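Asks: This is the structure I want to talk about, given as structure tokens.
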Amino acid sequence: MTTILVTGATGNVGAHVVRELRARAATVRALVRDPRAAAARLGDVDLVVGDLGDPASLRRALAGVDRVYLSAADGPRKVALETAMIDAAAEAGVDQIVKLSAMHADPASRLPAFRWHGEVEAHLERSGVPAVVLRPAFFMTNLLMVAEGVAHAGTLYAPTAGRPVAMVDIADVAAVAAVTLTTDGHAKRTYELTGPAAVTFSEVAVALAAATGRWVDYIDLTEEAARPRFEGAGLPDWLAEHLAGVFGLIRDGGFARVTGDVAAITGHPARGIGEFARANAAAFTPADR
Ligand SMILES: NC(=O)c1ccc[n+]([C@@H]2O[C@H](COP(=O)([O-])OP(=O)(O)OC[C@H]3O[C@@H](n4cnc5c(N)ncnc54)[C@H](OP(=O)(O)O)[C@@H]3O)[C@@H](O)[C@H]2O)c1
């Protein structure tokens, strides 16, 4: 029986990965820092308490583990935390790591999170542990960051220059992770995960309007007009810089390419923006409605 250790299990993608693995009757162990919060979020799952910053806890968590899903929050410690797990997994003789990375991951990237992913990918390759790298495009769930503005003002703002984005649903990212964790033939592969189509933010506004039954305007911001919004949002500096860079890539057409990897691996079509909007309509609707 293959035992799978899921890191980042309480995260947005990780919680879906746990759910998908359980649906496939896989043997799952979740590495968590706070078992009470994790149990509330994940339900009845085998939990092992540990921290990616504590190598001894990783050695304990990896006992008897065959495969690892690797994801940690973005931030300046990301490379240290994820490479610690790679080293521990290599030492424990794990036979496959599935790493959640990102499209445009590159150790030379000017965008902090893409640079960190690139550095972790390079470390993973050097480790010799057979690896699967998942590089999703822009998550549809990023739209939830501006859901309040859509709900209260009926306005969606972004600096996209009208360029389309092949945004992906995190449920599909998790479904791909679950397939690559439970079946063979994926080692040494890098998958680029997108939705079924590249959509403009005007099309996103139309999808949100259809799902909520309320008019939504899309206002395209210039780079200059958007900068204070990122810088003044109370985000850590690296995240404000990263988000501004992501929209720069979008304006350059860097997220317009659609791949067929989700459908090829999961056997079902990737979820589209309409499905996401319908599933999350409540978040884009005022509470008094
Ligand atoms: N947003 C996008 O458009 C996009 C696109 C492509 C790729 N991505 C990538 O997706 C990833 C984010 O995935 P996500 O949304 O599922 O993550 P998330 O919601 O940010 O969750 C992060 C997880 O990491 C865990 N964690 C953080 N520090 C830890 C530590 N020291 N030890 C153990 N666990 C730790 C957290 O556990 P706690 O509950 O204990 O905090 C949590 O489970 C990022 O790497 C991002 O670059 C994002």
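Asks: What single numbered condition from (1) surrounded by fewer than 21 Cβ atoms within 10 Å (Cβ to Cβ); (2) within 13 Å of the ligand (Cβ to nearest atom); (3) in contact (Cβ under 8 Å) with a residue 12 or more places away in the chain fails to hold for Asp87?
Replies: Result: Asp87 fails condition (2) only.
So that you can scan it fast, the table gives a plain yes or no per residue for (1) out of contact with any Lys or Arg (no Cβ under 6 Å at 6 or more places or on another chain); (2) more than 19 Å from Thr190 (Cα to Cα); (3) among the aliphatic types (A, V, I, L, M):
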position: Arg24; (1), (2), (3): yes, yes, no
position: Ile86; (1), (2), (3): yes, no, yes
position: Ala90; (1), (2), (3): yes, yes, yes
position: His104; (1), (2), (3): yes, no, no
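Asks: What is the residue count in the range 13-64 for residues that are β-branched (Val, Ile, Thr) and touching a residue at least 40 places away in the same chain (Cβ under 8 Å)?
Replies: Residues of the range 13-64 that are β-branched (Val, Ile, Thr), as a first pass: 13, 17-18, 27-28, 32, 45, 48-49.
Now narrow it down to the ones that are touching a residue at least 40 places away in the same chain (Cβ under 8 Å): 13, 17, 48.
Matching residues across the range 13-64 total 3.
Asks: Return the total of residues in the range 95-141 being among the small types (Gly, Ala, Ser) and more than 9 Å from the ligand (Cβ to nearest atom).
Replies: 7
Asks: Also, I was wondering about something else. Starting from the range 238-256, take each residue that is assigned by TED's automatic domain parsing to the domain that holds Glu223 and list its partners that are assigned to a helix (DSSP H, G or I) and surrounded by fewer than 17 Cβ atoms within 10 Å (Cβ to Cβ), counting only C-beta distances under 6 angstrom and pairs at least six apart or across chains.
Replies: Listed by first residue and then by second, the contacts come to Ala240/Glu231.
Asks: Which members of the range 61-77 meet the condition of being within 12 Å of the ligand (Cβ to nearest atom) and touching a Leu at 6+ places or on another chain (Cβ under 9 Å)?
Replies: Ala61, Tyr69, Leu70, Ser71, Ala72, Ala73, Asp74, Gly75, Arg77 - these are the residues of the range 61-77 that are within 12 Å of the ligand (Cβ to nearest atom) and touching a Leu at 6+ places or on another chain (Cβ under 9 Å).
Asks: What residue, among those in the range 50-60 that are outside any loop (DSSP other than H, G, I, E, B) and within 10 Å of the ligand (Cβ to nearest atom), is farthest from Arg257 (Cα to Cα)?
Replies: Residue satisfying both the conditions and the ranking: Ser57.
Asks: Could you tell me whether any residue of the range 8-15 is more than 8 Å from the ligand (Cβ to nearest atom) and assigned by TED's automatic domain parsing to the domain that holds Glu91?
Replies: Within the range 8-15, none of the residues are more than 8 Å from the ligand (Cβ to nearest atom) and assigned by TED's automatic domain parsing to the domain that holds Glu91.
Asks: Please find, among Ala25, Ala63, Ala40, the residue that is under 22 Å from the mean Cα position of the chain (by Cα), modelled with pLDDT of 95 or more and not assigned by TED's automatic domain parsing to the domain that holds Leu239.
Replies: Ala40
Asks: Related question: Look at Leu21 and say whether it is farther than 18 Å from Val132 by Cα and not in a loop (DSSP other than H, G, I, E, B).
Replies: Judged against the criteria, Leu21 is not a match.
Asks: Sticking with this one: Considering only residues of the range 146-199 that are in contact (Cβ under 8 Å) with a residue 60 or more places away in the chain and among the acidic types (Asp, Glu), which is surrounded by the fewest Cβ atoms within 10 Å (Cβ to Cβ)?
Replies: Out of the qualifying residues, it is Glu192.
Asks: Being out of contact with any Phe, Trp or Tyr (no Cβ under 8 Å at 6 or more places or on another chain) and at pLDDT 95 or above: is that true of His123 here?
Replies: yes
Asks: Are there any pairs with C-beta distances below 9 angstrom linking a residue in the range 91-109 that is within 13 Å of Pro136 (Cβ to Cβ) and free of Cβ contacts under 8 Å to residues at least 40 places away in the same chain to a residue that is away from the ligand (no atom under 16 Å from the Cβ) and part of a strand (DSSP E or B), with the two at least 6 apart or on different chains, and if so which?
Replies: Between residues of the range 91-109 that are within 13 Å of Pro136 (Cβ to Cβ) and free of Cβ contacts under 8 Å to residues at least 40 places away in the same chain and residues that are away from the ligand (no atom under 16 Å from the Cβ) and part of a strand (DSSP E or B), there is no close pair.
The values are calculated or read from the model by the stated rules, or taken from the named source; none is laboratory data. Just so we're clear, the structure is a prediction, and the values are computed from it rather than from any experiment. Quick reminder, even Gly has a Cβ in these numbers, built from the backbone with ideal geometry, and neighbours come from all protein chains shown.
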